[in-house]
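Below is one structure, written out as structure tokens; the observations come after it.
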Amino acid sequence: MALPARRLSSAGSTETIATVLGGFSLEATFPKPAEIDALKRTAPAGTRIYLSCLPNRSPEKLVEYAANVRNAGFEPVPHLTARAYESREMVDRLLSRLTTEAGVRSALVIAGDRDDVAGPFTSALDLMESGALEAHGIREVDISAYPDGHPKIDDTVLRRALADKLAAVAKRDLKVNITSQFCFDPDHILAWLRGLRADGISLPVRVGVAGPTSIPTLMRFALRCGVRASLKGALNPKAMQLFGGVAAPDTIIRALAEAPDRPQLGPFSIHFFSFGGLVETADWASNANSGRIEPTDAGFKVIR
């Protein structure tokens, strides 16, 4: 049966929006110590901070940043990029340092955005099936997903790969989350979530959204990450005028919060990509989560 069209009330639901933002997570690439220190004044203690690693940087650098995150009272979740590792020994050394020096318990496992393969792991599935994660004390893994599709992988292949990874992890003593790439269209996200649940996947989902950032920065990262399908709608002239040159994910979050079938969407939370504005994103999210918002026609404005 077709779902009714999404209708947002003029007043909005501050409580519902704040609830959806509960337990939000943040993603950053090698945040500076000063940023992590400033984060203590904005993000709740224990917030999950996902740490991505650029292809041209040594994976070992993750240890330093993960330790900074842990020492500041947050939960570090490093990206483990399977194709970047030259050997199983390299993986063992990295995981040993992450768990012993930074107290890492969770990781996002991905293949890695590179065409060449440095060693024996060609995919995230290879790394998860190796047994290295649980051997070094990793107890929780995040699996990536793409509501907007992937620029290099067919949707059918993506769907099968997700099923294969879930099946592999199910055989191991690991808790699993699904964390998605950011997307700009709430209808794409809702359709994707509904598809997951229709496939019988009831795992917690972290829905990726872009944190508040300038339009040029947003465009640069969107094109780099292959997010094209929903970019056109987010950057139309009316939207850019509405944003005042700064894009924020308020319309997406409100649409998720007020979806008519929200109870059937299963457990989900919001995962913010900060694009270099980690502290600003955390401040925006924390204020919204505390209910300091003013509903607009389709989204909301954060009141600081």
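Assorted remarks:
- Residues in the stretch 141-175 that are in contact with a Ser or Thr (Cβ under 6 Å, 6 or more places away or on another chain) and either part of a loop (DSSP other than H, G, I, E, B) or exposed (fewer than 15 other Cβ atoms within 10 Å of the Cβ) (or both): 147, 148.
- Test result for residue 51, at pLDDT 95 or above, assigned to a helix (DSSP H, G or I), touching a strand residue (DSSP E or B) at 6+ places or on another chain (Cβ under 7 Å) and among the hydrophobic types (A, V, I, L, M, F, W, C): no
- Candidates in the stretch 284-302 are the residues that are of a type in the set (Val, Ile, Thr) and modelled with pLDDT of 90 or more; of these, the one that is nearest to the chain's Cα centre (by Cα) is 302.
- For the stretch 148-164, filtered to residues that are touching a Leu at 6+ places or on another chain (Cβ under 8 Å) and under 21 Å from residue 200 (Cα atoms), the residue that is modelled with the highest pLDDT is 164.
- Scanning the stretch 33-48 for residues that are in contact with a strand residue (DSSP E or B) (Cβ under 7 Å, 6 or more places away or on another chain) and without any contact (Cβ under 8 Å) to a residue 40 or more places away in the chain yields one hit, 46.
- Taking the stretch 67-139 and the helices (runs of 4 or more DSSP H) fully enclosed by it, the elements with 1 or more residues that are touching a residue at least 12 places away in the same chain (Cβ under 8 Å), under 17 Å from residue 56 (Cα atoms) and not acidic (Asp, Glu) are at 88-101.
- Conditions (1) closer than 20 Å to residue 278 by Cα; (2) surrounded by fewer than 20 Cβ atoms within 10 Å (Cβ to Cβ); (3) modelled with pLDDT under 95: number failed by residue 73: (3)
- In the stretch 182-197, the condition of being β-branched (Val, Ile, Thr) and free of Cβ contacts under 8 Å to residues at least 40 places away in the same chain is met by no residue.
- In the stretch 45-59, the residues that are in contact with a Gly (Cβ under 9 Å, 6 or more places away or on another chain), surrounded by 16 or more Cβ atoms within 10 Å (Cβ to Cβ) and of a type outside the set (S, T, N, Q): 48, 53
The values are calculated or read from the model by the stated rules, or taken from the named source; none is laboratory data. Bear in mind the structure is a predicted one, so any value in this text is a computation, not a measurement. A quick note on method: Cβ atoms are made from the backbone with ideal geometry, for glycine too, and the neighbour counts reach across all protein chains shown.
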